[in-house]
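Just so you know, all these numbers are worked out from the coordinates, no wet-lab data involved. Only a predicted model underlies this, so the values are computations on that prediction, with no experimental measurement involved. Note that we place each Cβ from the backbone using ideal geometry, even for glycine, and neighbour counts take in every protein chain shown.
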Amino acid sequence: MSKTRIYKIYLQLLKKYGLANKFWKKWCQIKKTKGDKEEILIGAILTQRTNWKNVELALKNLKEAKVLSIKKIYQLGNQRLLKSLIRPAGFYQQKAKRLFLLCRFIVTNYGSLEKFFEKDLEICRKQLLALYGIGPETADSILLYAGQKPIFVIDEYTRRFVKKYNLAKKFSYDFLQKLFQENLPKDVKIYQNFHALIVLDGKNEKH
DNA sequence: ACCCAGGTGGCCC
DNA sequence: GGGCCACATGGG
């Protein structure tokens, strides 16, 4: 593939910041957490329309209550305890329901997250999108970062990035996802790192 | 006392 | 297909 404009911009960001996973590893060290696949999946729900700082507070509560896992949340049910633990993340009644339904889906249909991710990307995506409270961004975050599957995540940071560099005039989810995927090598690590760098760069600009 | 932040579903037209 | 609204907390 010849290097497209988007790919060149990615390489510039890479030169400027380096690999984004080192920031993730550092975050895990600071927060004393494993940052494993199940935590990524839970965080993907909690971070909907919410500052990551607030998500951290909710994750901390779940961890301290020793229920930061899919099976534990499923056992908890959509109940008061779960709601109170994730309260700092905002929209907590809705998010408790969404989390519970997602965890129930994984446990009762597959038994484990690993088994679920053994299915093809398209099947996983379709099944996630069929769940209440999971739209394209949440589904794709789970698939890319927890499932290591090659699908590009579009979010508010990505849209600001597209506007900043004048990469498109349309901003619908499917259109932008196609734009990135057609202009980059199909590579999980590149998708993960690029999206993480877009977020990093977006946060950097504000200060 | 405002204003903002990695969305989604349910309306309505 | 799009526009508007509800959902809620913590931090500036």
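Scanning segment A:63-120 for residues that are on the phi > 0 side of the Ramachandran plot and out of contact with any Ser or Thr (no Cβ under 8 Å at 6 or more places or on another chain) turns up A:Lys66, A:Gly77, A:Gly111. Residues in segment A:73-127 that are among the acidic types (Asp, Glu) and touching a Lys or Arg at 6+ places or on another chain (Cβ under 7 Å): 0 in all.
Annotation note: of A:Gly43, A:Gly35, the sole residue that is without any contact (Cβ under 8 Å) to a residue 24 or more places away in the chain, of a type outside the set (A, V, I, L, M) and surrounded by 17 or more Cβ atoms within 10 Å (Cβ to Cβ) is A:Gly43.
Conditions tested, residue by residue: (1) touching a residue at least 24 places away in the same chain (Cβ under 8 Å); (2) more than 20 Å from A:Leu144 (Cα to Cα); (3) surrounded by 16 or more Cβ atoms within 10 Å (Cβ to Cβ); (4) of a type in the set (D, E, K, R).
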position: A:Asn61; (1), (2), (3), (4): yes, yes, yes, no
position: A:Lys66; (1), (2), (3), (4): no, yes, no, yes
position: A:Gly77; (1), (2), (3), (4): no, yes, no, no
position: A:Ser84; (1), (2), (3), (4): no, yes, no, no
position: A:Leu99; (1), (2), (3), (4): yes, no, yes, no
position: A:Gly111; (1), (2), (3), (4): no, yes, no, no
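Only residues that are touching a residue at least 40 places away in the same chain (Cβ under 8 Å) and surrounded by 19 or more Cβ atoms within 10 Å (Cβ to Cβ) were counted in segment A:46-59, giving 3.
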